[in-house]
Structures are given as C-alpha cells and as structure tokens.
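Enquirer: Would you mind keeping the following structure in view while I ask a few things?
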Amino acid sequence: MSHRCLLATFLVLLFIGPACAAELAVLTDANWDRLAPAGKEADCILGDFAFRSDKIMAVVAQPLPTRNANMTVKQVGGAVIDLTLTENPNDQLSAYYPGMRRHVFTAAEIKQKDGKKVVLVCTAPAQAAKAEPKTDAQPEVRLEYELEDGQPYLLVRSIFKNTSDQPLEITLEDDLRADDFDKKAKAGPTDFFWVHDHYFEQAYGLLVEKHALKTRSDKRNSVIQYLPEKSETPTVKLGPGQSYELVRRIIPGSHLLAIKGEALRLQGKTAVHCGWNLVDPAFKPVAGVDVTLKQGEDVYGTARSDARGWVRADLPPEKFTLTLKTPGRTTLERQIDLTGYKTDETLNSEYKLETPAQVVATITDEKGGPIPCKVAFKGKGESTSPNWGPPNARQGVVNLFYSENGKFTVPINPGEYEATVTYGPEYDLVRVPLTIEKGKSAPLKAVLKRAFATPGWVSADFHSHSTPSGDNTTDQRGRVLNLLCEHIEFAPCTEHNRIDSYTPHLKALGVEKLMGTCTGIELTGDPLPLNHQNAFPLKMKPRTQDNGAPTNDRDPQKQIRRLAEWDDKAEKLVQQNHPDIGWLFFDKDGDGKPNEGYKDGFAYMNVIEVHPIHEVLTGAPTRVYTDPMGKKMEYNHTIFNWLQLLNQGHRIPGVVNTDAHYNFHGSGGLRNFVRSDAKTPGEIDPLEIVRHSKKGHIVMSNGPFMEVKLNDAIPGDVLRLEGGKGKLHVRVLCPNWLDVDRVQVLLNGKADANLNFTRKTHPELFHDKALKFEHAIDLTLREDSHVIVVALAEESEIGEVMGPLWGRQKPAAMSNPIFVDVDGNGFKANGDTLGSPLPAKGGKPVK
C-alpha cells in the first residue's frame with residue numbers, strides 16, 4: 001500500500017459548467033425531470049414546491065390537509081419531504097416538520113422564483129385552544145424557506161405572531177423523520193444536530209441561530225428543541241401582538257464528515273479541506289470503502305468513498321485516526337495530524353489499496369444460460385460470514401447476494417466458506433466450498449438443475465412491501481430481486497396505501513420475461529389487524545397523491561367495498577390480509593359475544609390469508625406468541641378458524657403470502673401455486689390470475705409443489721359425485737433440500753384416520769427423489785364434503801436455505817377445498833365447528 005500527500009496547490013475539476021441561478025417552481029410534468037429529486041425516499045408529487053440550486057435540491061409539500069408522504073409520514077403540508085445534493089441526488093429523508101406538526105399550513109406562495117436566492121413562504125393561521133381533543137392555542141406562523149446558490153444549506157425561518165388579546169406561550173420544537181438511519185446525534189444538549197445513514201450514503205445536519213439545541217431520537221423520529229438564551233426550556237411567552245423569529249439551516253450531505261465540515265464553516269470555526277482518494281494497484285478508483293475518523297475511542301464521523309474513489313470533508317485542525325475498511329482487503333489505519341493548519345488550507349491524500357480477494361460467480365441453467373439466483377455465503381471454521389449490507393439493502397444483503405442473471409463479482413475476506421446457490425423450490429440447490437486467498441479471485445461455478453416443472457401452475461406472492469409503504473425502508477428494486485431470485489413467477493406490487501409498480505425495476509434488470517407483475521395496493525386502515533386488504537390490478541396515476549389510490553376508512557366494511565369498487569368496479573382480486581377471523585366474522589364488537597361480524601364486507605373478499613399452513617394438523621384453535629419483551633399473547637389460529645369458516649358456508653379461498661418487509665430472506669418463504677396457461681412468467685395475464693384465484697384454483701405452500709385432482713376436479717372446483725365415490729390423485733414434488741413424510745386428507749376440515757399416509761405406515765408411496773409422493777386414493781363420501789389435501793414434513797424443517805424465520809417451519813403444501821355435492825342438491829356446508837366454539841376476538845394476555 002502506498003500513500004501520497006498532495007498539498008493544496010491544485011484542484012481537479014471533473015465537471016465545469018456555466019453558472020446557473022437557483023430555481024423554485026411548482027412541480028409539473030414539464031419540469032419534473034429537472035426538479036424532482038431522485039432517491040430511495042423521494043415522495044414528491046405534482047403540485048409540490050421544488051427547489052434547485054448549484055448545490056441542493058429540496059421539495060416542500062403543498063399545504064393540503066390530505067397531503068401525506070406515505071402511510072406513516074402524514075400531514076406533510078408545508079414540510080420538507082425531499083432534500084439531497086444536486087450533484088448526486090439521493091434523497092433519504094422522510095420529512096422535516098418545522099413546528100413539530102402543531103401548525104396547520106394552509107397556503108404557500110413563491111416570493112422569489114429564480115436568481116441568486118429563491119424564497120417560498122407558507123402560512124398557518126392562529127388556532128384557539130380546544131377542549132376535545134385537547135390542544136393548546138397556537139400562534140400565526142409565517143414559514144420561510146430560502147435556498148441560495150453557493151450555500152450548502154436550506155434556510156428555514158419561522159416567525160410566530162400572537163394575534164390574540166391574551167398572552168401566549170409557544171414551544172420551539174421541530175421533528176425530523178429519518179427512518180432506520182444507523183447513527184443519530186446523542187440525546188441531550190448539542191451545538192449541531194445530525195443523522196446519518198452510512199450504507200445509503202446520506203446525512204442531514206441542522207444548525208440554529210441564537211438558541212441552544214437539545215435533541216432526542218428513536219429509530220424513526222428525532223425531536224429538536226430550541227432553547228432561547230438564558231432559558232432551560234424550549235418555550236417563549238408572547239404578549240398580544242408580539243412576534244418571535246427562529247432561524248435554522250438544514251444541511252444535506254453524502255456522509256457525516258461532509259455535513260460536520262459544512263457546520264464548522266457556518267459556525268466560523270477553522271476548517272481544513274481534506275480529501276482521500278482511494279485507488280487499487282492499477283490506480284483505478286475504489287468505491288464503497290468504509291472510512292472512519294476517530295479521536296481516541298470516540299468516532300468523529302464516517303463516510304463511504306464515492307464512484308471516483310474520493311471522500312472529501314472539512315475537518316477541525318486536530319488529530320485523528322483514519323481507518324479504511326472494505327470486504328476483501330486488509331484494513332488500513334493511518335494517523336492524521338491537522339494541528340497548525342488554517343482555514344481553507346488543503347490536505348489531499350491518495351491511498352493505494354491492495355488487490356481484493358473476491359468471488360467471481362458464473363451460475364447457469366442446465367443449458368449454460370443465465371439464471372437468477374440467491375447465493376448464501378457461510379463462513380466455515382474460523383471464517384466469519386460476510387455482511388455486505390443491512391436487511392433493507394438491494395443486492396448484497398447481510399450474507400446473501402441476489403443476482404438477476406447468475407454473473408457477479410463480489411469482494412469477500414480471505415477464508416473458508418460454503419456458498420449455497422438456489423433459485424426457489426423448483427430447483428435443486430448446489431453447495432460449493434470456497435477457499436478465498438488474499439488478493440486473488442476465486443471462481444464460483446454452479447449449474448442449477450430444475451427438480452421438477454409445474455405445467456399449468458405458477459408460483460405467486462400476493463403481498464410484499466418496500467420503502468414506499470412507509471413502515472420500512474427496504475430498497476424496492478431489492479424487493480424485486482428478492483422475489484425474482486426465489487422464483488416467484490407472479491407478484492403484484494402491494495405497497496401500503498399507494499398504488500405502485502415493479503415494472504420499471506424488471507425492465508432495468510432486463511428480466512421482464514421472468515416475472516409477471518401488475519399494479520396493486522394494500523389498503524391499510526384501523527383497526528389492526530382487520531382492516532388491511534390487498535387488491536390488484538389497479539389503475540396507477542403517477543406523480544399524484546398515492547398514485548391515485550383510494551383512501552382508507554375506519555370501518556372495514558366501507559373500506560373493502562371502496563377498494564372492490566375502485567376504478568369504476570373494474571375486475572380485480574380483493575384479498576383479506578392477516579385476519580383475526582373471530583373478530584372479523586363472529587365478534588364485531590370485540591366483547592366475546594357472538595354476532596354477525598363485519599358482515600357487509602364478506603361479499604367483497606375474493607381470497608383470504610390463512611397461514612400458518614404447516615400447523616394445520618395440530619387442531620389447535622389458538623396459538624401463543626411471545627413478543628421480544630417476553631410478553632405472551634394468545635391469538636386465534638387462523639388456519640383452524642378458516643376450516644371452521646368453510647363449514648359455516650363461507651367459501652373464501654385461502655392464500656398464503658410472505659408480507660415481506662425486508663430483503664434478507666424476505667420473499668419466497670410462502671407462495672401460492674395458481675392455475676395459469678401462460679407459457680412464460682412474462683406472459684402471465686394478471687386477470688387470469690384474478691379469475692383462477694377467485695375460483696380457489698390455488699395450492700398453498702412454503703416450498704413443496706402438490707397436484708390434487710378428484711376425478712377431473714382441481715382445488716376450488718365444485719364436483720357432483722354421484723354415490724360419493726371418486727379417485728383422489730395426489731402428487732407431491734420437492735427439490736433436494738426439502739422433504740415431506742405425511743399426506744393427510746381432510747374431509748370437512750377433519751383429518752380422516754383412514755386417509756392418512758406417512759413414510760412409516762406407507763413407505764411404498766413415498767420416494768427420495770423429486771417425486772416424494774404419488775397415489776390415487778379411493779374416496780367414499782357419505783355426505784356433501786369439502787376435500788382438502790395436506791402434505792408436510794413432521795420430521796424435518798425447511799432449514800437455513802430460507803433463513804432464520806421461514807427456515808424454522810416444517811415443509812408443507814395445502815390445497816384449497818374441492819366442494820363435493822353427493823346428493824345432487826348442490827353443495828351444502830355442514831356447520832361443524834370442529835370441536836371448538838366459533839372464535840371471538842383474539843389477542844389475550846397469557847397469565
């Protein structure tokens with residue numbers, strides 16, 4: 001490794017352009033590409049106010065009572081919802097609320113639209129105190145946003161005026177939503193507030209004039225208090241007619257070192273220009289190097305090198321320890337002594353990093369062609385498993401690497417590893433031992449062989465999430481990669497309270513032919529968990545509030561009807577998500593007394609989530625859940641309650657979905673095999689999936705594939721079976737990493753002892769290759785019956801292939817019912833409650 005100090009007598013200008021003025025405008029389709037910031041958390045829509053200078057892009061939401069950034073970032077009118085650098089737009093801000101949402105901004109006016117400085121003014125009228133709900137009186141507020149060319153900040157000025165005839169106390173507080181940022185300023189007094197997302201390379205800082213700062217933060221929200229001089233509280237008393245001004249500067253940057261440097265300069269402190277250029281032995285830039293500056297044991301700040309291999313920051317004239325760390329290379333540590341340097345002096349350094357140890361993967365299908373795959377790297381012996389990124393990352397997620405085509409190169413520390421290569425449960429896995437040597441490339445070659453085909457059926461997940469949902473920060477393209485690499489062949493985009501699409505990601509990856517999709521939504525309201533319903537396909541209106549989605553409603557009956565009738569009652573699938581069946585169907589009031597439930601919504605439910613299917617044969621009406629704090633709660637057992645529901649005449653097909661929110665083994669753990677005539681996933685017609693799903697032509701699974709036919713009827717069909725006799729054909733197939741050892745037929749929800757087949761009792765029916773079970777079962781029914789087949793493994797788990805959550809489940813597949821009419825008078829449910837009362841509302845503490 002080499003190090004060269006380049007003292008500040010030169011500056012390399014990579015891009016030189018004409019001087020440009022700042023700009024402020026209402027977002028329109030015409031100016032969108034120029035003014036709308038990019039970034040994982042960008043939430044701007046048409047009608048918002050967009051700022052752009054030579055350094056900063058920002059968006060202030062239009063002051064409408066209905067303006068929400070997403071499901072959890074609400075009432076953003078007048079708030080900053082996007083903020084990033086112009087040179088490299090990368091918005092990660094959820095929202096910055098001046099006034100901590102106490103003031104309702106009702107108007108906004110552009111005071112200066114271009115020139116050296118642009119100005120937006122938002123106004124909030126005074127509010128009288130209220131008894132119900134209890135709210136304090138609030139002053140009139142004039143909120144000014146200023147952006148000036150050449151300045152590294154957005155200036156925010158609040159002018160509070162007491163327009164009443166009584167004294168008024170105001171609280172000087174803001175709050176900022178920076179969800180899942182890994183570092184935030186310590187709680188308590190500070191002269192500079194900051195938050196930093198190291199992996200996604202965005203930081204925000206805040207300075208205030210003439211006030212002391214005091215902050216506190218949790219995983220999502222930060223509260224920023226402003227204490228006037230000689231005051232110990234963030235409050236000011238205004239007499240009638242008096243005003244008070246509060247000025248802050250919000251600084252965006254690509255890392256914490258950058259915004260700390262800008263803060264030094266704005267505070268008038270000495271700031272030395274520093275830069276570190278990280279290159280490989282061929283002097284090519286090395287991006288993504290973790291850079292840490294420490295003073296003793298305290299971390300001053302961190303950064304990641306950019307695409308040109310640079311990290312730049314202004315630092316105080318002090319001593320630091322510099323650490324450069326990246327997978328596959330030896331960590332480099334150097335001492336930096338800036339004492340004696342003066343403001344605007346420069347110290348640029350170049351560090352030559354060694355050639356990395358890395359894996360060069362070539363994963364193919366049996367014909368030698370490209371194939372998506374998930375590769376899990378596990379350290380063996382003393383080698384530690386890699387950690388390329390957090391669970392919400394895109395491609396390198398913890399110890400997983402998702403590849404859309406099987407070809408990738410990824411750095412990894414020298415050591416011994418095992419790579420497990422998979423492409424969902426229709427393909428056998430391949431395990432490859434790897435020895436990684438320092439500075440060398442190790443080939444990872446594997447051929448993924450299809451264990452079995454599923455002609456006429458496609459695997460689907462109807463329920464997934466990513467950061468547009470608002471309750472997580474997962475990269476959406478990472479969600480698509482996760483689905484793709486688990487061989488999900490059809491997945492609608494179902495973000496919370498926002499119509500959205502996976503299509504742009506599939507096109508960017510070049511894999512439109514490998515996964516079918518369509519627009520969709522999870523309409524999410526209260527009460528939980530009842531009032532969540534998915535629907536697809538829906539018409540998307542880009543760049544509008546929630547992309548044209550319906551609004552939620554506190555009444556689940558009104559909400560599901562609104563969703564079902566959206567788009568002028570266009571054809572769609574409406575799915576009831578994670579229900580408490582007792583509360584939804586039999587105990588609307590939640591008081592334990594039976595009633596008709598939310599009956600006005602039943603007709604709009606096309607399918608209903610019923611997992612966990614691997615527990616269906618326990619026969620338990622409830623299940624106990626222990627939360628992370630050790631509190632035990634007893635909930636209704638959805639799969640058992642669904643069987644009871646079928647016996648009461650509610651013929652709502654069952655589905656299972658992951659409801660994935662993160663990309664670390666998020667998708668793939670549950671799936672639905674749905675009838676489809678499409679030849680390739682890219683040819684899937686969403687409405688064909690809708691129609692077959694409504695009919696119940698679905699086999700639910702956490703891995704195994706199962707075919708079920710009663711004579712010629714498939715799951716979901718109604719069959720007239722004269723005399724009650726028929727042949728039930730069952731085939732179960734698995735890859736080399738799954739097994740089943742029991743097949744059980746349920747008649748009207750009950751496990752028939754004569755229709756129970758296990759490896760121990762019927763070894764001749766079970767096999768050890770992909771075909772695990774095949775048998776034509778003689779069936780004799782004495783009454784109308786719905787027939788369900790369950791295949792599962794009682795002696796094994798799915799295992800680590802599917803990660804710590806799904807891996808603990810028993811492999812299982814479960815068909816939807818075939819409804820058999822024995823007497824010719826149409827199928828009639830028998831009303832059996834399966835030995836337990838119909839459920840009431842669940843969720844009771846366990847003593």
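The values are calculated or read from the model by the stated rules, or taken from the named source; none is laboratory data. Predicted, not measured: the structure shown is a model, and the values here were computed from it. With ideal geometry, Cβ positions are generated from the backbone for all residues, glycine too; neighbour counts draw on all protein chains shown. Areas reflect the complete protein model, heavy atoms only, side chains present, ligands, DNA and RNA absent. Shrake-Rupley method; radii C 1.70, N 1.55, O 1.52, S 1.80 Å.
Enquirer: Per residue and in cubic angstrom, what volume does the convex hull of the Cα atoms of the range 235-300 have?
Expert: Working: hull volume 10.9 nm³, N = 66.
About 165 Å³ per residue, rounded to a whole number.
Enquirer: Something else: Sorting check: for 289-295, 440-446, which peptide has the highest mean count of neighbouring beta carbons within 10 Å, and how do the rest follow? Don't skip to the end; give the middle numbers.
Expert: Values: 289-295: 18.7, 440-446: 16.4.
Listed from highest to lowest mean packing, they are 289-295, 440-446.
Enquirer: Roughly how big is the chain's charge dipole about its Cα centre, with Cβ charges of +1 (Lys, Arg) and -1 (Asp, Glu), in debye to the nearest 20? Before the final figure, lay out each step's value.
Expert: Numbers: 102 positive and 110 negative charges, 145 e Å.
The calculated dipole for the chain is roughly 700 debye.
Enquirer: Let me ask another. Tell me what the chain gives for mean residue ellipticity at 222 nm when only DSSP H runs of n ≥ 4 count, each as -39,500 (n - 2.57), the sum divided by the residue total, rounded to 500 deg cm²/dmol. If you can, show how the numbers build up before the last one.
Expert: On the way: 9 runs with 68 residues, N = 847.
Calculated mean residue ellipticity at 222 nm is -2000 deg cm²/dmol.
Enquirer: Next question. When only C-alpha pairs under 8 Å and at least 6 residues apart count, what is the relative contact order of the chain, in percent?
Expert: Dividing the mean separation by the residue count of the chain yields 8 percent.
Enquirer: With point charges of +1 on the Cβ of Lys and Arg and -1 on the Cβ of Asp and Glu, referenced to the Cα centre of the chain, which listed residue (GLY241, GLY803, THR346) lies farthest in the positive direction of the dipole?
Expert: Result: THR346.
Enquirer: Once you compute Rg and the Kirkwood Rh from C-alpha atoms, what is the Rg to Rh ratio for the range 75-139?
Expert: 1.09
Enquirer: Residue farthest toward the positive end of the dipole of the range 704-847, with Cβ of Lys/Arg at +1 and Asp/Glu at -1: which of THR833, MET814, GLY723?
Expert: The listed residue farthest towards the positive side: THR833.
Enquirer: What translational diffusion coefficient, in µm²/s and rounded to a whole number, does the Stokes-Einstein relation yield for the range 308-390 at 20 °C and a viscosity of 1.002 mPa s, taking the hydrodynamic radius as the Kirkwood radius over Cα pairs?
Expert: 124 µm²/s
Enquirer: Another question about this same structure. If you build the convex hull over the alpha carbons only and average its shadow over all orientations, what do you get for the range 779-833? Give it in nm² to one decimal.
Expert: 5.7 nm²
Enquirer: To continue, here is another question. By per-residue mean of other Cβ atoms within 10 Å, what is the highest-first order of 595-605, 467-477?
Expert: 467-477, 595-605
Enquirer: On each of the three principal axes of the Cα atoms of the range 370-485, give max minus min coordinate, whole Å, ordered largest first.
Expert: Result for the range 370-485: principal-axis Cα extents of 44, 38, 23 Å.
Enquirer: Normalised by the empirical 2.2 N^0.38 Å for globular proteins, what value does the Cα Rg of the range 487-596 take?
Expert: Taking the Cα Rg and dividing by 2.2 N^0.38 Å, one obtains 1.22.
Enquirer: So, one more: Between the range 636-701 and the range 109-145, what is the C-alpha centre distance in whole Å?
Expert: What the calculation gives is 48 Å, centre to centre.
Enquirer: Turning to a different aspect of this structure: If you line up the long axis of helix 256-266 against the longest principal axis of the chain, both from Cα atoms, how many degrees apart are they, to the nearest 10?
Expert: It is inclined by approximately 30 degrees.
Enquirer: Where Rh is the Kirkwood radius over the Cα pairs of the range 571-610, the temperature 37 °C and the viscosity 0.692 mPa s, what D in µm²/s does Stokes-Einstein return?
Expert: Calculated translational D: 307 µm²/s.
Enquirer: How much FRET efficiency would the formula 1/(1 + (r/R0)^6) give for ASP280 and ASN736, where r is the Cβ-Cβ distance and R0 is 45 Å, rounded to 0.05?
Expert: E(calc), rounded to 0.05, equals 0.70.
Enquirer: Semi-axes of the equivalent ellipsoid of the range 158-261: what are they in whole Å, largest first, if each equals the square root of 5 times a C-alpha gyration tensor eigenvalue?
Expert: Equivalent ellipsoid semi-axes, largest first: 30, 12, 12 Å.
Enquirer: Among 98-110, 173-185, how do they line up by average Cβ neighbours within 10 Å per residue, starting with the highest?
Expert: In descending order of packing, they fall as 173-185, 98-110.
Enquirer: Another question about this same structure. Show me the trypsin sites (Lys or Arg not before Pro) within the range 719-764 that DSSP assigns to loop and that have at most 11 other Cβ atoms within 10 Å of their Cβ.
Expert: Answer in residue order: LYS760.
Enquirer: Suppose the chain between LYS449 and ASN595 were pulled fully straight at 0.36 nm per residue; how much longer would it get relative to their current alpha carbon spacing?
Expert: Full extension of this stretch gives 47.2 nm more.
Enquirer: For the range 82-218, what is the accessible area per residue in Å² when the probe is 1.4 Å? Write out the running numbers ahead of the final one.
Expert: Working: 6070 Å² over 137 residues.
Per residue, the range 82-218 has 44 Å² of solvent-accessible surface.
Enquirer: Using only Cα atoms and rounding to the nearest 10 degrees, what angle (0 to 90) does helix 638-647 make with the longest principal axis of the chain?
Expert: Between the helix axis and the principal axis of the chain, the angle is about 40 degrees.
Enquirer: Sort out for me the Cα centre separation of the range 150-213 from the range 552-569, rounded to whole Å.
Expert: Rounded to whole Å, the Cα centres lie 39 Å apart.
Enquirer: Based on the inverse mean of 1/r over its pairs of different Cα atoms, what is the Kirkwood hydrodynamic radius of the range 510-666, in Å?
Expert: 17.2 Å
Enquirer: Next question. Over all distinct alpha-carbon pairs, what is the Kirkwood Rh of the chain in angstrom?
Expert: This gives a value of 29.8 Å.
Enquirer: Tell me the label-point distance for the pair THR171, ARG691, using the 7 Å Cα-to-Cβ offset, in nm and rounded to one decimal.
Expert: 5.8 nm
Enquirer: Identify the GluC sites (Glu not before Pro) of the range 437-506 meeting these criteria: DSSP loop state and at most 11 other C-beta atoms within 10 Å of the C-beta.
Expert: Here the GluC sites (Glu not before Pro) that fit, given the DSSP loop and packing criteria, are GLU437.
Enquirer: Report the FRET efficiency, 1/(1 + (r/R0)^6), for THR409 and PHE602, where r is their Cβ-Cβ distance and R0 is 45 Å, rounded to 0.05.
Expert: Step by step, r from the Cβ atoms, then E = 0.25.
Enquirer: Once the Cα atoms of helix 476-485 and of the chain are each reduced to a long axis, what angle between those two axes, in degrees from 0 to 90 to the nearest 10, is obtained?
Expert: 30 degrees
Enquirer: Which value, in nm² and rounded to one decimal, describes the direction-averaged projected area of the C-alpha convex hull of the range 208-264?
Expert: Projected area, direction-averaged: 5.6 nm².
Enquirer: Right, next: Under unit Cβ charges (Lys, Arg +1; Asp, Glu -1), what dipole magnitude, rounded to 20 debye, does the range 596-644 have relative to its Cα centre? All intermediate terms of the calculation are to be shown ahead of the outcome.
Expert: Values: 4 positive and 6 negative charges, 32 e Å.
The calculation lands at about 160 debye.
Enquirer: In the full protein assembly as shown, how much of SER464 is accessible to a 1.4 Å probe, in Å² to the nearest 10?
Expert: The accessible area of SER464 comes to roughly 0 Å².
Enquirer: Still on this structure, I have one more. Are there any trypsin sites (Lys or Arg not before Pro) in the range 131-165 that are in a DSSP loop and have at most 13 other Cβ atoms within 10 Å? List them by number.
Expert: Here the trypsin sites (Lys or Arg not before Pro) that fit, given the DSSP loop and packing criteria, are LYS134.
Enquirer: With the contact rule set at Cα under 8 Å and sequence spacing of 6 or more, what percent relative contact order holds for the range 291-333?
Expert: 40 percent
Enquirer: Quick one: what do you get for the range 687-836 if you divide its Cα Rg by 2.2 N^0.38 Å?
Expert: After normalising by residue count via 2.2 N^0.38 Å, the value is 1.08.
Enquirer: To continue, here is another question. For the range 686-732, state the semi-axes of the equivalent ellipsoid (square roots of 5 times the eigenvalues of the alpha-carbon gyration tensor), sorted largest first and rounded to whole angstrom.
Expert: Details: eigenvalues 95, 51, 8 Å².
Each semi-axis is the square root of five times an eigenvalue, giving 22, 16, 6 Å.
Enquirer: Sticking with this structure for a sec: How would TYR427, TYR96, TYR662 line up by accessible area, probe 1.4 Å, largest first?
Expert: Final ranking, largest accessible area leading: TYR662, TYR427, TYR96.
Enquirer: Let me ask another. Size of the range 410-468 along its principal axes in angstrom, Cα-based, largest extent first?
Expert: 48, 36, 13 Å, listed from the longest principal axis down.
Enquirer: How much of the DSSP bridge set in the chain is antiparallel, in percent, rounded to the nearest 5?
Expert: In the chain, approximately 90 percent of DSSP beta bridges are antiparallel ones.
Enquirer: A further question follows. As a test of the definition: which semi-axes, in Å, follow for the range 264-421 when you take the square root of five times each eigenvalue of its alpha carbon gyration tensor? Largest first, please.
Expert: 38, 16, 14
Enquirer: Right, something else. Multiply the residue gap between GLU571 and ARG308 by 0.36 nm, knock off their C-alpha separation, and tell me the result in nm, one decimal place. Mind showing how you got there, number by number?
Expert: On the way: separation 263, 0.36 × 263 = 94.68 nm, distance 5.02 nm.
That works out to 89.7 nm of additional length.
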